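Here the structure is laid out as structure tokens; the discussion comes afterwards.
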Amino acid sequence: MQVRPARPTDLPAIAAIEVRSFPDPWPEALLAGYFDDRQALILLAEEEEPLGFLIARVESPPRGGRTLHIHDLAVDPPHRRRGVGSALLAALTQAALREHISRLQLEVRVGNEAGLRFYERHGFRVTRRLAHYYEDRGAALRMERLLTPPASPSS
Ligand SMILES: CC(C)(COP(=O)(O)OP(=O)(O)OC[C@H]1O[C@@H](n2cnc3c(N)ncnc32)[C@H](O)[C@@H]1OP(=O)(O)O)[C@@H](O)C(=O)NCCC(=O)NCCS
């Protein structure tokens with residue numbers, strides 16, 4: 001499996017995985033907008049075919065400290081529990097460290113146990129509950145993970 005930056009030609013595959021992954025999938029036009037967003041990072045995991053994707057965006061909250069905010073992450077159902085999501089998250093973490101970004105953040109829908117367990121497994125902690133977060137007024141949990149840059153070799 002390899003993880004690489006996605007290209008606009010990957011959009012139909014990304015949109016298809018989105019549809020198979022969420023009861024309220026984002027439309028392809030919304031996903032397409034991320035390809036025009038200079039602050040967005042779109043990663044694709046693939047073997048012979050696309051397996052999953054992750055969309056994140058660099059954000060600068062008023063309290064300071066740049067954050068990589070995960071907007072979307074999905075692995076095609078037949079390929080779950082094989083480490084694809086973990087590989088996408090590892091690639092995002094590397095990108096964050098390269099850019100000296102020390103915080104990863106996301107929202108996960110209350111009741112999405114797979115999502116919650118996945119992020120907990122990767123060191124994310126719930127920081128807030130957001131009522132009426134989604135269009136259908138469903139609640140979300142905000143989760144965060146602080147990254148520690150690898151220690152530089154001592155001289
Ligand atoms: C959440 C999701 C991205 C995980 O992707 P994945 O490729 O299956 O994850 P991995 O194989 O890397 O799993 C790593 C660990 O996460 C946890 N995990 C993943 N899926 C889980 C599930 N369904 N139930 C419980 N724990 C789970 C486990 O600890 C797992 O390790 P294990 O398989 O050794 O037990 C995938 O289930 C998915 O696409 N879900 C639908 C979309 C979604 O909810 N996205 C997240 C919110 S934006």
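No lab work stands behind these numbers, since they all come straight from the coordinates. The model shown is predicted, which means the values in this text are computed figures rather than measured ones. Ideal geometry is used to build each Cβ from the backbone, glycine not excepted, and the neighbour counts take in all protein chains shown.
Taking region 80-109 as the range and being within 13 Å of the ligand (Cβ to nearest atom) and among the basic types (Lys, Arg) as the test, the residues that pass are 80, 81, 82, 109. The residues of region 110-134 that are within 15 Å of the ligand (Cβ to nearest atom) and more than 27 Å from residue 83 (Cα to Cα), listed by number, are 130, 133, 134.
Please indicate, with yes or no, whether at least one residue in region 94-107 is farther than 18 Å from residue 66 by Cα and either loosely packed, with under 14 Cβ neighbours inside 10 Å or not aliphatic (A, V, I, L, M) (or both). Scanning region 94-107, I find no residue that is farther than 18 Å from residue 66 by Cα and either loosely packed, with under 14 Cβ neighbours inside 10 Å or not aliphatic (A, V, I, L, M) (or both), so the answer is no. Residue 26 passes every criterion in (1) touching a residue at least 24 places away in the same chain (Cβ under 8 Å); (2) in contact with a Ser or Thr (Cβ under 8 Å, 6 or more places away or on another chain) apart from (2). Mind checking which residues of region 122-140 are over 23 Å from residue 26 (Cβ atoms) and in contact (Cβ under 8 Å) with a residue 24 or more places away in the chain? Within region 122-140, no residue meets the criteria.
Of the strands (runs of 3 or more DSSP E) contained entirely in region 38-155, those carrying at least 1 residues that are in contact with a helix residue (DSSP H, G or I) (Cβ under 7 Å, 6 or more places away or on another chain) fall at 40-46, 50-59, 67-75, 103-109, 140-146. Output yes when any residue across region 53-60 is of a type in the set (Lys, Arg), within 16 Å of the ligand (Cβ to nearest atom) and within 12 Å of the chain's Cα centre (by Cα), and no when none is. Yes.
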